[in-house]
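J.: Below is the structure I would like to discuss, written out as structure tokens.
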Amino acid sequence: MFFAKPENTQTTNIKNICILGTSALSFYLAAELQKAGHKITILCLPQEADEFSATDFIIKSEQKLQSHRHNFNYSFELDFSPDLLFIASNTIRLRRDLLLLSPRYLTSTLIVSLTSTAPNSLISDILGKVIINAYFNGWLNRNKNHIINYSRHPNITFSLEELSPQAILLQDLFNSSEIETIFQSNNAANFWRWFAPRITSALLDLPSGKSIYALGKIKEGRGLIDKCLNEITNLAALDNVKIESADILSQIYAIPENYTPLLQKLPKTSSVLLLERLEALLFHGTTSEDPRFELLKKLIKKIRNKL
């Protein structure tokens, strides 16, 4: 891609940042950080870079098009030491993408993983290094060279103490972007805040083909929503996380209604990965026999049969 240099270079301490993967989040993150003045390299396979090399990279946000012609560098293997590495791969491609990394170049690199459905230990085990878990709270979709942002107030929650050196660095990094940064050291709570609205939407949408907006208009649908939310909050409680149904609903209803059908179009990618994480939680130890999760198991079975 041959894109004009971005005008916004407010950040004085420019960082050399590598982003692993070509998901919607990868390119959205790259665009925001480049606008803040940082040097961005996207690490991916050659064929994935080719999808973007001859086209305009466009962000559509709140019904407005932003055609910034970004000049992203691409690398097909890690042969330098970045200041920061953001892992934002599609979870299906994560193991393959991790093979592009060279641990010897990451000795002094701060590593942040935004691949939230992957097991926490997977990346650490492969790279032999402690990573920072982070959760993007927003709703993005990638369609060829278009990244559509359905979020009015996107934010990233980092599993860090707010006053830690890493948190201060990351806060400064995103200071000139539209992405808000939140720091909370309780990783389980951060995970459930991210996971609960997404899995609830998938569980309700996929079996019936109706959005949560449509279900909420009928008595039977409202009952289904309430029962599903109750079981999700009970499951989170087993992880020592208190999350309210109202908080989950507020995040779901913050999603514009025109985004909801996209969940139904992605049953073999995002939704399946969410379900696999839910199944791992449901069928762990004594949970598999717990009657409090009858609806969740029933909905998962319906979705598996449908797929």
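The values are calculated or read from the model by the stated rules, or taken from the named source; none is laboratory data. Everything numeric here is computed off the predicted structure, so don't read it as measured data. All Cβ positions, even for glycine, are placed from backbone atoms using ideal geometry, and neighbour counts span all protein chains on display.
J.: Does residue 233 satisfy the criteria of being modelled with pLDDT of 90 or more and closer than 17 Å to residue 112 by Cα?
T.: No, not satisfied.
J.: Consider residue 161 carefully, then state whether it is loosely packed, with under 14 Cβ neighbours inside 10 Å, within 30 Å of residue 106 (Cβ to Cβ) and not aromatic (Phe, Trp, Tyr).
T.: For residue 161, the condition - loosely packed, with under 14 Cβ neighbours inside 10 Å, within 30 Å of residue 106 (Cβ to Cβ) and not aromatic (Phe, Trp, Tyr) - is met.
J.: If you don't mind, there's one more thing I want to ask. Scan 125, 97 and give me the residue that is part of a helix (DSSP H, G or I), crowded, with 20+ Cβ neighbours inside 10 Å and of a type outside the set (A, V, I, L, M).
T.: Answer to the selection: 97.
J.: Exactly one condition in (1) over 22 Å from residue 134 (Cα atoms); (2) in contact with a helix residue (DSSP H, G or I) (Cβ under 9 Å, 6 or more places away or on another chain) is false for residue 250; which is it?
T.: Just one mismatch for residue 250, condition (1).
Residues are listed down the side, and each one gets a yes or a no for (1) in the same structural domain as residue 30 (by TED's automatic domain parsing); (2) touching a residue at least 40 places away in the same chain (Cβ under 8 Å); (3) surrounded by fewer than 21 Cβ atoms within 10 Å (Cβ to Cβ):
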| site | (1), (2), (3) |
| --- | --- |
| 176 | yes, yes, yes |
| 193 | no, yes, no |
| 206 | no, yes, no |
| 210 | no, no, yes |
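J.: Now a separate question. Only residues that are in a helix (DSSP H, G or I) and either among the small types (Gly, Ala, Ser) or under 24 Å from residue 277 (Cα atoms) (or both): list them for the range 168-196, please.
T.: Result: 187, 188, 189, 190, 191, 192, 193, 194, 195, 196.
J.: Next question. Filter the range 165-194 down to the residues that are among the aromatic types (Phe, Trp, Tyr) and in contact with a helix residue (DSSP H, G or I) (Cβ under 7 Å, 6 or more places away or on another chain), then identify the one that is modelled with the highest pLDDT. Even if it seems obvious, please write down each step before you answer.
T.: So the first thing to find is which residues in the range 165-194 are among the aromatic types (Phe, Trp, Tyr), and the list is 174, 183, 191-192, 194.
With the extra rule that they be in contact with a helix residue (DSSP H, G or I) (Cβ under 7 Å, 6 or more places away or on another chain), the set shrinks to 183, 192.
On the way: 183: 97, 192: 94.
Ranking the candidates gives 183 first.
J.: Right, another one. What single numbered condition from (1) part of a loop (DSSP other than H, G, I, E, B); (2) surrounded by fewer than 20 Cβ atoms within 10 Å (Cβ to Cβ); (3) not small (Gly, Ala, Ser) fails to hold for residue 82?
T.: Of everything listed in (1) part of a loop (DSSP other than H, G, I, E, B); (2) surrounded by fewer than 20 Cβ atoms within 10 Å (Cβ to Cβ); (3) not small (Gly, Ala, Ser), residue 82 misses just condition (2).
J.: Moving to a separate point now. Among 176, 185, 164, 124, which is the only one that is in contact with a Gly (Cβ under 9 Å, 6 or more places away or on another chain), more than 30 Å from residue 297 (Cα to Cα) and among the hydroxyl-bearing types (Ser, Thr, Tyr)?
T.: Just one listed residue meets the conditions, 176.
Table: residues versus (1) under 13 Å from the mean Cα position of the chain (by Cα); (2) assigned to a helix (DSSP H, G or I); (3) touching a residue at least 40 places away in the same chain (Cβ under 8 Å).
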{"residue": "117", "(1), (2), (3)": "yes, no, yes"}
{"residue": "142", "(1), (2), (3)": "yes, no, yes"}
{"residue": "152", "(1), (2), (3)": "no, no, yes"}
{"residue": "157", "(1), (2), (3)": "yes, no, no"}
